[in-house]
Amino acid sequence: FGPLLAGQEPDPAKLKAAVQEAQQALTKVTADMRQAAPPDSAEGKALAAAHAKFMQGQQQIINGDFLQMMNKALDRSKPLAQRKTDLERGLEAVSAVEQKSLPPLVQAFVAYAQKYQIEVK
């Protein structure tokens with residue numbers, strides 16, 4: 001999305017490849033987390049639940065918002081300035097999803113780290 005934010009036409013192939021790469025990473029992380037069993041403690045279960053909820057937000061962003069933003073970014077029937085504005089609005093929506101889902105994950109991770117005396121830097 002960088003070129004469009006800079007007021008330039010995005011490269012369709014690069015943009016599609018970037019979205020596909022994000023989708024592949026999401027698929028891998030989701031599969032890895034399904035195989036991992038949380039530690040048998042309240043903190044471990046809370047961390048696993050917070051991570052699952054965070055991943056739901058990521059799924060919404062990558063498979064929903066990013067695809068919509070990509071399609072709008074590549075729609076040359078709209079002026080470049082309009083596509084840039086649409087992208088900026090889409091990024092604000094993505095930010096709102098992350099601002100909602102990330103703090104509980106961080107809190108759960110901190111509690112887990114404290115329980116197991118894991119130093120977090």
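One residue stands out in region 21-41 among those that are assigned to a helix (DSSP H, G or I) and exposed (fewer than 13 other Cβ atoms within 10 Å of the Cβ): the one that is nearest to the chain's Cα centre (by Cα), namely ALA25. Restrict the check to region 4-12 and report whether at least one residue is outside any helix (DSSP H, G or I), of a type outside the set (A, V, I, L, M) and within 30 Å of LYS121 (Cβ to Cβ). There is no residue in region 4-12 that is outside any helix (DSSP H, G or I), of a type outside the set (A, V, I, L, M) and within 30 Å of LYS121 (Cβ to Cβ).
Out of ALA6, ALA18, ALA48, one residue alone is aliphatic (A, V, I, L, M) and exposed (fewer than 13 other Cβ atoms within 10 Å of the Cβ). It is ALA6. Residues that are part of a loop (DSSP other than H, G, I, E, B) and touching a Lys or Arg at 6+ places or on another chain (Cβ under 7 Å) within region 42-95 comprise just one, ASP75.
When you check LYS100 against the structure, is it exposed (fewer than 13 other Cβ atoms within 10 Å of the Cβ), touching a residue at least 12 places away in the same chain (Cβ under 8 Å) and part of a helix (DSSP H, G or I), yes or no? Yes; evaluated as a whole, the condition is true for this residue.
In the condition set (1) surrounded by fewer than 13 Cβ atoms within 10 Å (Cβ to Cβ); (2) free of Cβ contacts under 8 Å to residues at least 60 places away in the same chain; (3) not charged (D, E, K, R), PRO12 is compliant with all but (2). Only a single criterion out of (1) within 21 Å of LEU4 (Cα to Cα); (2) under 16 Å from the mean Cα position of the chain (by Cα) is not satisfied by THR85, namely (2). Of all residues assigned to region 51-62, none qualifies as being under 19 Å from PHE109 (Cβ atoms), of a type outside the set (Ser, Thr, Tyr), over 16 Å from the mean Cα position of the chain (by Cα) and modelled with pLDDT under 95.
The values are calculated or read from the model by the stated rules, or taken from the named source; none is laboratory data. Bear in mind that the values here come from a model prediction, so they are computed numbers and not experimental data. All Cβ positions, even for glycine, are placed from backbone atoms using ideal geometry, and neighbour counts span all protein chains on display.
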